[in-house]
Amino acid sequence: MKVLVIGGIAGGPSFATRLRRINEDAEIIIFERGAAISVASCALPYYLGGLIRDRSTVIERTPEILKQKNNIDVRLYNEVTAIDPKQKLVHVINHQNNQSYTETYDKLVIATGASPAVPEIKGIDKADDAFVLRAITDADKIKRFLETKRPKRVTILGAGTIGIEVAESFVNNNMDVTIVEQSGQVAAPFDSEIAEIVAAELQAQGVHVLLHHTIKEITDNGKTLVFDNGTTHQTDMLFLGTGVQPNSQLAADAGIKLSEDGHIIVNQQLATSLPDIYAIGDVIETTSLITGQPIPSLLSSAANRQGHLLADVFNGAPLIYKGFIGAGVAKFFDLTVSYVGYTEQMLQQAGINDYRSVFITPFDHAYFFPNADRVNFKLLYQDKTGKILGGQAVGRNGIDKRISQLSVAITGNLTVTDLPSLEIPYSPPYSSTRDVLNIAGYVAINQLTNRTATIKLTDIPETDFKSAFFLDIREAGKPAAGSVTPTLNIPLSELRERINEVPTDKKVYITFRKGLGPYNASRILAGKGIKATMIEE
């Protein structure tokens, strides 16, 4: 069996090495158009920022090692330019000597990944100070620019994960950093409860953030940004963090079926629409394990698992790819942000509206143990069934641990009613007797059993804003929260003594606040016969 692999960053090498371990006779060739294989792309921002000093450590394997240890033929600077599925061959150009050749295959694996999306802005093609970061060569270019040009100001287009990660790298290089974002929040697709905390961290770290700003034109070879409102912004360097797009043109030209957004569609054995051609990694669309809807498969962790599974399939194992959950984590300066499954934004984009949310802020470990800090945790679940749809968290300690636990719960088909039963290791330095997921489960059960009533801000009838009573339970000295103007502020600590100030002849809403305060207030009111509804924002 002769197997060709197009792409050598994450999924391709994972597939090839696994196949060699279980099949010594297969002929395996990896084509990589870049300068290296098995690059830890997610580590590149830390290499730029100096946290990782040795360039070689972000390259996990070399062609020489794969040849010596695995008998895999790796061809760097070799780009597959066309696939001929009828003849079962590929056309290749060797960029080192500009020679073209063909190579036949029995089976073909497309692992071409994704590339940074360059926004269509007038003048961006003339910007000689604009950079992206996906490959090790991109990092090399940025390093050289920083060392030779010594830029003092950098502007990052896009406030997503890569934009914020490189912002930290540039701050570590003593640069003045500005992030320009078209939307109204940073860190999309995280929901606003999480994004607000990230935005505060960016401000604390001295990063300037311009929200609701659209660049109309770039002039002076990248030095001047012209916004659609007519104002301008000067910079010495541009970084494009405006998302990625799948490298699927090669597949499209071969007649392989793509999704509307350009991802390769695969079945449960990762096969494309053409015989003996398979695809893995960022370039594919697969099925959500949570909703069953089509979803892109992102991140190198998923690509590596898919590559491992596909090798077993090639060797005759009756395995299937059950679907993609989607789990990620990122370091944003001193914060850790993490997610699994769907965010509320993603649910709405998918047309899923029968869900509820829980947002809590318990301590990351026992509150009486030194350095206890908050875990800001949001849980999304399906109304009535309690099926877990996703979770997000931000904080300084134990964030990825809680999201990892929730990912396992999703994989095991647990519902929110199972979360209180999770036995999570307890010791004061590491957790609380009722840890984050336990508490989230209790709150969700209260919602499902109608012990507490919640409502989305957008679902409040317009007439209620004029006739209802809106109670703010914040304590003295605490900042206001939410977008609803309260009728009255009664601190939670005073609510029992001042319960007579809450009317019994009107609808009562408890305005949005993070944490368990609104729930505790609703139980106090319920004990006195007053039904209150908590507002979700």
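Across the range 267-273, computed HN-Hα scalar couplings (Karplus, 6.51 cos²θ - 1.76 cosθ + 1.60, θ = phi - 60°) run 8, 6, 10, 6, 8, 7, 6 Hz from first to last residue, x flagging Gly and Pro.
Pairwise alpha-carbon distances in the chain exceed 37 Å for 40% of all pairs. Calculated FRET efficiency, A366 to D106, Cβ-Cβ distance, R0 = 60 Å: about 0.55 to the nearest 0.05.
Between L211 and N229, what is 0.36 nm times their sequence separation minus the Cα-Cα distance? Round to one decimal in nm.
Numbers: separation 18, 0.36 × 18 = 6.48 nm, distance 1.28 nm.
Extra length available between L211 and N229 comes to 5.2 nm.
How much of the accessible area of the chain, probe 1.4 Å, is carbon plus sulfur, in whole percent?
Values: 12010 of 24880 Å².
On the chain, the fraction of accessible area on carbon and sulfur atoms equals 48 percent.
Ranked highest first by average number of other Cβ atoms within 10 Å, how do 376-389, 308-321 line up?
Details: 376-389: 20.8, 308-321: 16.9.
Top to bottom by mean Cβ count within 10 Å: 376-389, 308-321.
Its Cα gyration tensor gives the range 152-291 an equivalent ellipsoid; the semi-axes, largest first and in whole Å, are 36, 19, 14.
Whole number please: convex hull volume per residue, Cα atoms of the range 264-309, in Å³.
That works out to 70 Å³ per residue.
In terms of the mean number of neighbouring beta-carbon atoms within 10 Å, the peptides 155-162, 501-508 order highest first as 155-162, 501-508. Spatially, the range 405-431 and the range 179-206 are offset by 28 Å when compared through their Cα centroids. Where only DSSP H runs of four or more residues are counted, the chain gives -7000 deg cm²/dmol as its mean residue ellipticity at 222 nm, each run worth -39500 (n - 2.57). Between the range 10-40 and the range 226-286, the C-alpha centres lie 22 angstrom from each other.
For the range 84-173, the Kirkwood hydrodynamic radius from C-alpha pairs, put into Stokes-Einstein at 25 °C and a viscosity of 0.890 mPa s, yields a diffusion coefficient of 146 µm² per second. Taking the Kirkwood radius as the inverse of the mean 1/r across Cα pairs, report the Rg/Rh of the range 170-209. With Rh from the inverse mean 1/r over Cα pairs, Rg/Rh is 0.99.
Among beta bridges from DSSP that stay inside the chain, the antiparallel ones total about 55%. Measuring r between the beta carbons of R153 and Q345 and using R0 = 30 Å, the FRET efficiency lands at 0.45.
With 0.36 nm allotted per residue and the present C-alpha distance subtracted, the K126-D220 stretch has 33.0 nm of extension available.
The values are calculated or read from the model by the stated rules, or taken from the named source; none is laboratory data. As the structure is a computational prediction, the values presented were derived from the model and not from experiment. Glycine also receives a Cβ, built like all others from the backbone with ideal geometry; neighbour counts cover every protein chain displayed. For accessibility, only protein heavy atoms count, side chains too; no ligands or nucleic acids. Shrake-Rupley method; radii C 1.70, N 1.55, O 1.52, S 1.80 Å.
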